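The values are calculated or read from the model by the stated rules, or taken from the named source; none is laboratory data. Remember, it's a predicted structure, so these values are computed and weren't measured experimentally. So basically every Cβ, Gly included, is an ideal-geometry build from the backbone, and we count neighbours across all protein chains shown.
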Amino acid sequence: QQQVKQSPQSLIVQKGGISIINCAYENTAFDYFPWYQQFPGKGPALLIAIRPDVSEKKEGRFTISFNKSAKQFSLHIMDSQPGDSATYFCAASGDTGGFKTIFGAGTRLFVKA
Amino acid sequence: NAGVTQTPKFRILKIGQSMTLQCTQDMNHNYMYWYRQDPGMGLKLIYYSVGAGITDKGEVPNGYNVSRSTTEDFPLRLELAAPSQTSVYFCASSYRQGADEQFFGPGTRLTVL
């Protein structure tokens, strides 16, 4: 019930293309869904996050789509650039119940120039 | 504002040796976390702390110990190192628990031979 399943494990996209990473969760008490970006040799850093009261959140080229009934959320990277090549982690957490943040297994994105 | 700092960056241990991974944050965050990152496995929570003097186990605490004597510092102790503890270790901090951004350090890459 505490798992967050992330797919795909790895993704190769042409420059200018759309990168899509999907995540699914089980615990309906989660109410905060962040995405973290990690470059090689660095720690993860928050990219964008969403609460379940909205179905979509956009920040620049990065968009989170959220489907509460399906318990799924996804990250879309529009106009993907070589500088976006990194590992992306979805996560789920909540304000109540002392929830720890549960991370997905990660997706390694490579954007070909 | 240095954020979260970790030392050392790299370390090789022999089986049975002990060591302490250091973590310091200068953001006055009450909440601090230790994660380990293994390839394809995401981030697993080892221990966390909700304030000075208060610590609790995460998902994978066996073989590790922590202490939190100050708000700033949260060292992780490995006793009797084993090859299964070969991993990259990340320290993180946040202002609130649960639905809040976590700030990660640069990581410590540990190899146990």
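Please work out which residue is surrounded by the fewest Cβ atoms within 10 Å (Cβ to Cβ), limiting yourself to the range B:40-84 and to residues that are modelled with pLDDT of 95 or more and among the acidic types (Asp, Glu).
The selected residue is B:Asp73.
Is at least one residue of the range B:15-31 modelled with pLDDT of 95 or more and of a type in the set (D, E, K, R)?
Checked the range B:15-31: at least one residue is modelled with pLDDT of 95 or more and of a type in the set (D, E, K, R).
Take the residues in the range A:12-48 that are away from chain B (no Cβ under 11 Å), of a type outside the set (Val, Ile, Thr) and not in a strand (DSSP E or B), then tell me which one is nearest to A:Phe110 (Cα to Cα).
Top of the filtered list is A:Lys15.
Out of the residues in the range B:88-113 that are buried (at least 18 other Cβ atoms within 10 Å of the Cβ) and more than 14 Å from chain A (Cβ to nearest Cβ), which is farthest from B:Leu43 (Cα to Cα)?
B:Val112
Please verify whether B:Phe90 is out of contact with any helix residue (DSSP H, G or I) (no Cβ under 7 Å at 6 or more places or on another chain), under 16 Å from B:Thr20 (Cβ atoms) and not β-branched (Val, Ile, Thr), treating the condition exactly as stated. Let's see the steps before the verdict.
On the way: out of contact with any helix residue (DSSP H, G or I) (no Cβ under 7 Å at 6 or more places or on another chain): yes; under 16 Å from B:Thr20 (Cβ atoms): yes; not β-branched (Val, Ile, Thr): yes.
Taking the combined requirement at face value, the residue satisfies it.
Considering each residue of the range A:1-11, count those that are part of a loop (DSSP other than H, G, I, E, B) and either surrounded by 13 or more Cβ atoms within 10 Å (Cβ to Cβ) or at pLDDT below 95 (or both), and give that number.
Let us first name the residues in the range A:1-11 that are part of a loop (DSSP other than H, G, I, E, B), namely A:1-3, A:8-9.
Next, from what is left, pick out any that are either surrounded by 13 or more Cβ atoms within 10 Å (Cβ to Cβ) or at pLDDT below 95 (or both): A:1-3.
Total meeting the criteria: 3.
Which pairs turn up if I take residues in the range A:72-87 that are within 16 Å of A:Cys23 (Cβ to Cβ) and look for partners that are surrounded by fewer than 21 Cβ atoms within 10 Å (Cβ to Cβ) and basic (Lys, Arg) with beta carbon separation below 7 Å, at least 6 apart in sequence or on another chain?
A:Ile77/A:Arg61; A:Thr87/A:Arg108
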